[in-house]
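Data first, discussion second: the structure below is written as structure tokens.
The values are calculated or read from the model by the stated rules, or taken from the named source; none is laboratory data. Keep in mind it's a predicted model, so treat the numbers as computed, not measured. Cβ atoms come from the backbone with ideal geometry, glycine included; neighbour counts cover every protein chain shown.
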Amino acid sequence: MRCNPKPMGQKSSQTPAARGVRVLPRKSRSTVGTLCLIFGLMSIACTQLTGYSQESGAEAEELDPSVGYTPKSPRELQRSLTKLQFDVTQNAATEPAFKNRYWNNKRVGVYRCVVCSLPLFESETKFKSGTGWPSFFKPIGKKSVATKTDYILFYPRTEVHCARCKAHLGHVFDDGPQPTGKRYCMNSASLQFVAKPAAEDGESNKTGDQTSDDQK
């Protein structure tokens with residue numbers, strides 16, 4: 001049995017390097033500490049920025065228009081709509097071209113759903129399409145209208161309906177003007193036009209009943 005040559009309680013005189021432990025120079029240890037502090041501050045800043053972006057996006061995101069909406073019964077719809085409005089919005093009928101209410105409307109305002117009054121299109125996006133129906137190059141919001149494919153004419157078309165009450169509005173085509181390249185060809189019977197007050201509208205409403213074509 002071999003005894004420990006050093007008395008108990010006596011500290012070893014060996015340095016960490018002599019014991020096989022790698023020790024960084026004092027300057028290196030200072031540099032590492034500084035880097036750790038910098039990375040820590042950067043992490044905190046990134047977390048705060050990420051949180052701000054998420055909150056901003058949440059505020060900018062459109063609300064689902066169907067939330068809280070109670071659909072009308074068929075009887076209520078028949079009472080509140082004309083026969084043409086009911087046929088168009090509920091049975092996907094199409095009104096005659098050039099013989100509808102808004103194809104040539106030039107007044108400044110907002111076009112709402114005739115069933116639930118959801119804002120759908122602004123007059124600033126209405127353009128002269130030559131089709132005889134009111135045409136727009138974009139809806140008022142990303143969630144104001146929805147689409148689906150129909151085969152009523154035995155070939156696929158993109159049907160447009162109100163995102164809140166599902167009322168049929170018309171169809172959308174890829175032959176519209178820039179910046180969207182879309183043509184939302186709507187039925188006047190599915191729309192309710194609300195003009196802006198005269199103070200906001202200026203002189204544009206004075207020409208609202210001229211009959212040259214679809215738009216200004």
Margin query: Condition first: touching a residue at least 24 places away in the same chain (Cβ under 8 Å), farther than 21 Å from residue 85 by Cβ and surrounded by fewer than 19 Cβ atoms within 10 Å (Cβ to Cβ). Can you find one or more residues in segment 113-127 that meet it?
Written below: yes
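Looking only at segment 145-192, which residues are part of a loop (DSSP other than H, G, I, E, B), over 19 Å from the mean Cα position of the chain (by Cα) and more than 19 Å from residue 102 (Cα to Cα)?
Going residue by residue through segment 145-192, those that are part of a loop (DSSP other than H, G, I, E, B) are 151-156, 163-167, 174-182, 187.
Next, from what is left, pick out any that are over 19 Å from the mean Cα position of the chain (by Cα): 151-156, 167, 174-177, 187.
Hits for segment 145-192 are 151, 152, 153, 154, 155, 156, 174, 175, 177.
Give the residues of segment 78-111 that are assigned to a helix (DSSP H, G or I) and either outside the structural domain of residue 189 (by TED's automatic domain parsing) or over 18 Å from residue 163 (Cβ atoms) (or both), sorted by residue number. Steps first, please.
Narrowing segment 78-111 to residues assigned to a helix (DSSP H, G or I): 78-80, 83-91.
Selection gives 78, 79, 80, 83, 84, 85, 86, 87, 91.
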